[in-house]
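What follows is a single structure, written as structure tokens, with notes after it.
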Amino acid sequence: MNDDLILLGHGSGGRLSHQLLDELIIPIVSGTAVSGQNDAALLEPVSGRLAYTTDSFVVDPIFFPGGTIGSLAVHGTVNDLAMMGARPLWLSVGLIIEEGFSKADLKTILKDMRQAADAAGVRIVTGDTKVVPRGKADKIFITTSGIGAVEHDIPIHGANARAGDAVIISGTIGDHGIAVMSGREGLEVGADIVSDSAALNGLVAEIISAVGDSLHVLRDPTRGGVATTIKEIAQQSGVSITLQEELLPVKPAVRGVCSILGLDPLFVANEGKLLAFVAPEAAEDALAAIRRHPLGANAALIGTVEAAPSGRVRMETAVGGLRSVEMLSGEQLPRIC
């Protein structure tokens, strides 16, 4: 028996399962003592409303420039809570592991999860592990759920964009999707392209502190990129949004790879950027607050909101024309999160 690999027995619920949990998973992810390991986590009462979210991660490769499936799983769920203006508190983790997976790689992923959770100020309080036969999965899949507290009365949601709002992006776009693709395809794209995967809850707290209820919408433009997310908001809010192509921040290396491959950075996924819709009188304060944060140095005001026609998104191009912006059609870059 190879002690370096995950076996089907590690998912049996018996001795091997307990060894995997007690000797590897629990000490790294949560550090919960044996006496505290039960069928559910008991959580402390909180003030305010609760936000709850869940997500699954099947990224390929599981290790990519700038992150791993472990850090990505934590960041993605933390960010979904933060986009509702919530303070993320607790996470659950479900692991689906393929038979034959390396214990060393699992250890790296678990350490990245714990490090990401600690940095974001959240606790991993419960979880589950299953093992499937070889060929029935692809190395490892992770499902995370999160609970956070909404400790204010500001209505931050996708249907709250208003005519006159400024549209702000917190940094360069397309970094994550191109980093994952380069790792998958073995492209030599240099050190400038790394995933932007990061927890945004600290940045969100700074924005709320700076502009309060002048903040109307927050979204992280993940799958489908900025274009799809902006279109969703226009449809939810029943407004029209105009973007300025020249103002979109894109790293030259990312733009170059996209140009070679025929991709539009506007549709490429991000995992550490947010879109903020802010009342016009508070736009400069919001932009300044974002730029003061380490994750927002390259923030830019990229568009405005108009009352009509409902659901329309268009781009003012660099040459002065207008083009329609629609949602991503099909799967441009599969398995990027």
- Does any residue in the stretch 1-30 that is more than 18 Å from Gly94 (Cβ to Cβ) come within less than 7 Å, Cβ to Cβ, of a residue that is acidic (Asp, Glu) six or more places away or on a different chain, and which pairs are these? Leu7/Glu99
- Is it true that Glu281 is modelled with pLDDT of 95 or more, surrounded by 13 or more Cβ atoms within 10 Å (Cβ to Cβ) and acidic (Asp, Glu)? no
- Task: Only residues that are in contact with a helix residue (DSSP H, G or I) (Cβ under 8 Å, 6 or more places away or on another chain) and in a loop (DSSP other than H, G, I, E, B): list them for the stretch 96-138, please.
- Result: Glu99, Gly121, Val122, Pro133
- Item | Any hit, the stretch 159-173, residues being assigned to a helix (DSSP H, G or I), in contact (Cβ under 8 Å) with a residue 40 or more places away in the chain and in contact with a helix residue (DSSP H, G or I) (Cβ under 8 Å, 6 or more places away or on another chain) | no
- Within the stretch 287-313, the count of residues that are out of contact with any Leu (no Cβ under 7 Å at 6 or more places or on another chain) and outside any strand (DSSP E or B) comes to 13
- Task: Output yes when any residue across the stretch 259-275 is among the aromatic types (Phe, Trp, Tyr) and over 18 Å from Arg223 (Cα atoms), and no when none is.
- Result: no
- Item | Test for Val194: is it under 30 Å from Leu5 (Cα atoms), in a loop (DSSP other than H, G, I, E, B) and under 20 Å from the mean Cα position of the chain (by Cα) | yes
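The values are calculated or read from the model by the stated rules, or taken from the named source; none is laboratory data. Keep in mind the model is a prediction, meaning the values are calculated, not measured. FYI the Cβ positions are ideal-geometry reconstructions off the backbone, even for glycines, and counts take in every protein chain you see.
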